[in-house]
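Read the structure below first, then the notes.
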Amino acid sequence: MHADIHHQLHQLHAAELHRAAAAAAPRVPGPALRIQLGWRLVELGLRLATPAHRPVTLAA
């Protein structure tokens with residue numbers, strides 16, 4: 001097989017695989033939402049780990 005034809009077939013197949021993977025992948029929230037959720041989980045963990053008489057304050 002000629003190298004140019006082989007390269008074109010490879011590109012077509014790779015593009016097809018990328019489309020299939022994108023269609024099958026679940027949608028995830030954006031990075032800003034994940035960051036906010038992460039900080040909320042950190043705050044929750046600190047609240048659970050801190051005694052009741054010491055309030056938790058985060059400066060974020």
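The values are calculated or read from the model by the stated rules, or taken from the named source; none is laboratory data. If you're wondering where the values come from, they're calculated on a predicted model, not measured in any experiment. Glycine also receives a Cβ, built like all others from the backbone with ideal geometry; neighbour counts cover every protein chain displayed. Surface areas here come from the heavy atoms of the whole protein model, side chains and all, with no ligands, DNA or RNA. Shrake-Rupley method; radii C 1.70, N 1.55, O 1.52, S 1.80 Å.
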Net charge dipole size for the chain [Lys, Arg +1 and Asp, Glu -1 on Cβ; Debye, nearest 20]: 480 debye
Apportionment of accessible area to carbon and sulfur, the chain, percent (1.4 Å): 65 percent
Using a Förster distance of 30 Å, the FRET efficiency for THR50-ALA25 (Cβ separation, nearest 0.05): 0.20
Solvent exposure of the chain as accessible area per residue, Å², 1.4 Å probe: 95 Å²
Filtered trypsin sites (Lys or Arg not before Pro), the chain: DSSP coil and at most 15 other beta carbons within 10 Å: ARG27
At 1.002 mPa s and 20 °C, Stokes diffusion of the chain via Kirkwood alpha-carbon radius, µm² per second: 133 µm²/s
